[in-house]
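Scroll down for the structure; my scribbles are underneath it.
The values are calculated or read from the model by the stated rules, or taken from the named source; none is laboratory data. These numbers come from a predicted model, not from an experiment. Quick reminder, even Gly has a Cβ in these numbers, built from the backbone with ideal geometry, and neighbours come from all protein chains shown.
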Amino acid sequence: MTERESKMKNAVFAFAVLAAALAANGSTGTVSVTNSSGVVSTIPAPDARLVYGPHAKQYVELWLPKGAAPAGGRPLAVYIHGGAWTSGNAIDGHVVRRLANVLERNVAFASVSYRYLYETKEVKPPVKAVKDDVVAALSKIRDNAASYGIRMDRLALSGGSAGACISLVVALSDGNPFGVDFVGAMYPQTSLDPKEMKEWVPNQGVYGAHAFGIGWKEFEARRDEMLPTIELYSPAALARKIDPAAAPEIVIEYPPANFPDEKTGLAKDPIHSAQFGMRFAEVCRERGIKCELLKGACNESWKRLVDRLVAP
């Protein structure tokens, strides 16, 4: 099953209608989003769009709670959409389902749009462009935080699938320079090392190579040669290297159907197998990094994220 098919199967929302006028800074109104079953949901239009690069996809949608920000500013939850880094939008089903609750807790909400892998052929490996975009987006938010009453010392990242993977990569890279407090990762791929992926998820053998601009057979054949580069974008490798004191608290959540079958020991969806989370949690425990694996519909991880941000 491809990531696109999996997203459709789970009725993940697709971006439907967002007029340019509603995306402008200081816009008012609503945005309509239609899911794969044709059900339309309406959410408030973003309060601002922060552009962090020249490409049309290099922007951040920002929503702010009503009323004046408290002294010191509001915490910030940042969402990074999934889609194998080749599809998806900054306003998707997770935004629809989570936005109101986040704002009600007086937490600002940002969603990052980024370039797809095939739009970054000048960058090697292509996944570097995705990480660079997310880093640039966070830098843009940080540069404008005071203007929007945001406190960057209370920062959490979240994402689904590939977005969850890159959330972990950003938070675990370079000593966690943004000081991310918490990562709520929904059904992430926690390794991009082809050898490790096959060991963890034996029925996986298609995902990950595209992040490096090659096919799976070449990915396996060149694994040893490419390993130093692969480890720059593999959450498990980064968790093994970061100072545990600098690492964020991590909660990983997979739907019940993504856990291994009792008879076969394998998940039906190898791309989003909970085996990724199970083995990654082991890596974190060995390093002294706080990481919890949850089985659910990705509601609890978001609850934990917001609770952490608003805690005294």
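Could you pull out every one of the strands (runs of 3 or more DSSP E) wholly within segment 65-166 that has 2 or more residues that are of a type outside the set (A, V, I, L, M) and within 14 Å of the chain's Cα centre (by Cα)?
108-113, 150-160
Applying the selection to segment 242-261, what residues are assigned to a helix (DSSP H, G or I) and without any contact (Cβ under 8 Å) to a residue 12 or more places away in the chain?
A245, the sole residue that qualifies.
Confirm whether S37 is in contact (Cβ under 8 Å) with a residue 40 or more places away in the chain, out of contact with any strand residue (DSSP E or B) (no Cβ under 8 Å at 6 or more places or on another chain), small (G, A, S) and surrounded by fewer than 17 Cβ atoms within 10 Å (Cβ to Cβ).
Criteria not met by S37.
Please go through (1) surrounded by fewer than 23 Cβ atoms within 10 Å (Cβ to Cβ); (2) in a loop (DSSP other than H, G, I, E, B); (3) touching a residue at least 12 places away in the same chain (Cβ under 8 Å) for P177 and return the number of the only condition it doesn't satisfy.
(3)
Among the residues of segment 104-119, what is the count of those that are surrounded by 20 or more Cβ atoms within 10 Å (Cβ to Cβ) and touching a Lys or Arg at 6+ places or on another chain (Cβ under 8 Å)?
Count: 5.
Select from segment 243-266 the residues that are over 19 Å from the mean Cα position of the chain (by Cα) and either buried (at least 19 other Cβ atoms within 10 Å of the Cβ) or under 26 Å from P202 (Cβ atoms) (or both) and list them in ascending order.
Scanning segment 243-266 gives P256, A257, F259, P260, D261, E262, K263, T264, G265, L266.
Could you tell me which numbered condition T264 fails, if it satisfies all but one of (1) of a type in the set (S, T, Y); (2) assigned to a helix (DSSP H, G or I); (3) free of Cβ contacts under 8 Å to residues at least 24 places away in the same chain?
(2)
Within segment 213-224, is there a residue that is touching a residue at least 60 places away in the same chain (Cβ under 8 Å) and among the aromatic types (F, W, Y)?
no
Taking segment 270-297 on its own, how many of its residues are among the acidic types (D, E), in contact with a helix residue (DSSP H, G or I) (Cβ under 8 Å, 6 or more places away or on another chain) and part of a helix (DSSP H, G or I)? Full working, then the answer.
Here is the first cut: in segment 270-297, the residues among the acidic types (D, E) are 282, 286, 292.
When the remaining residues are screened for being in contact with a helix residue (DSSP H, G or I) (Cβ under 8 Å, 6 or more places away or on another chain), the result is 292.
Imposing the further condition that a residue be part of a helix (DSSP H, G or I) reduces the set to none.
The total comes to 0.
Of the residues V170, V127, V135, V183, which is in contact (Cβ under 8 Å) with a residue 24 or more places away in the chain, of a type in the set (V, I, T), within 30 Å of N299 (Cβ to Cβ) and surrounded by fewer than 24 Cβ atoms within 10 Å (Cβ to Cβ)? Spell out how you get there, then give the answer.
On the way: V170 fails: surrounded by fewer than 24 Cβ atoms within 10 Å (Cβ to Cβ); V127 fails: surrounded by fewer than 24 Cβ atoms within 10 Å (Cβ to Cβ); V183 fails: surrounded by fewer than 24 Cβ atoms within 10 Å (Cβ to Cβ).
None of the others qualify; the one that does is V135.
Which members of segment 115-149 meet the condition of being touching a helix residue (DSSP H, G or I) at 6+ places or on another chain (Cβ under 7 Å) and under 12 Å from V78 (Cβ atoms)?
Matches in segment 115-149: V134, V135.
Among the residues of segment 282-296, which ones are surrounded by 15 or more Cβ atoms within 10 Å (Cβ to Cβ) and under 14 Å from Y187 (Cβ atoms)?
L293, L294, listed by residue number.
Can you tell me which residue among A84, A100, A68, A56 is at pLDDT 80 or above and surrounded by 19 or more Cβ atoms within 10 Å (Cβ to Cβ)?
A84
Exactly one condition in (1) assigned to a strand (DSSP E or B); (2) within 30 Å of I214 (Cα to Cα) is false for E61; which is it?
All conditions pass for E61, except number (2).
For S158, state whether it is of a type in the set (S, T, Y) and either buried (at least 24 other Cβ atoms within 10 Å of the Cβ) or under 17 Å from G82 (Cα atoms) (or both). If you could, list the steps in order and put the result at the bottom.
Working: of a type in the set (S, T, Y): yes; either buried (at least 24 other Cβ atoms within 10 Å of the Cβ) or under 17 Å from G82 (Cα atoms) (or both): yes.
Here the answer is yes, as S158 does meet what is asked.
Consider A311 against the criteria (1) modelled with pLDDT under 95; (2) under 22 Å from D181 (Cα atoms); (3) within 17 Å of the chain's Cα centre (by Cα): it satisfies all of them except one. Which criterion is unmet?
(3)
Return a yes/no flag: does segment 199-215 have any residue that is part of a loop (DSSP other than H, G, I, E, B), of a type in the set (A, V, I, L, M, F, W, C), buried (at least 20 other Cβ atoms within 10 Å of the Cβ) and touching a helix residue (DSSP H, G or I) at 6+ places or on another chain (Cβ under 6 Å).
So far as segment 199-215 goes, yes, one or more of its residues are part of a loop (DSSP other than H, G, I, E, B), of a type in the set (A, V, I, L, M, F, W, C), buried (at least 20 other Cβ atoms within 10 Å of the Cβ) and touching a helix residue (DSSP H, G or I) at 6+ places or on another chain (Cβ under 6 Å).
In segment 232-242, which residues are more than 19 Å from S301 (Cβ to Cβ) and surrounded by 14 or more Cβ atoms within 10 Å (Cβ to Cβ)? I'd like the intermediate steps shown before the answer.
Taking segment 232-242 first, the residues more than 19 Å from S301 (Cβ to Cβ) are 232-234, 237-238, 240-242.
Answer for segment 232-242, where residues must be more than 19 Å from S301 (Cβ to Cβ) and surrounded by 14 or more Cβ atoms within 10 Å (Cβ to Cβ): L232, Y233, S234, A237, L238, R240, I242.
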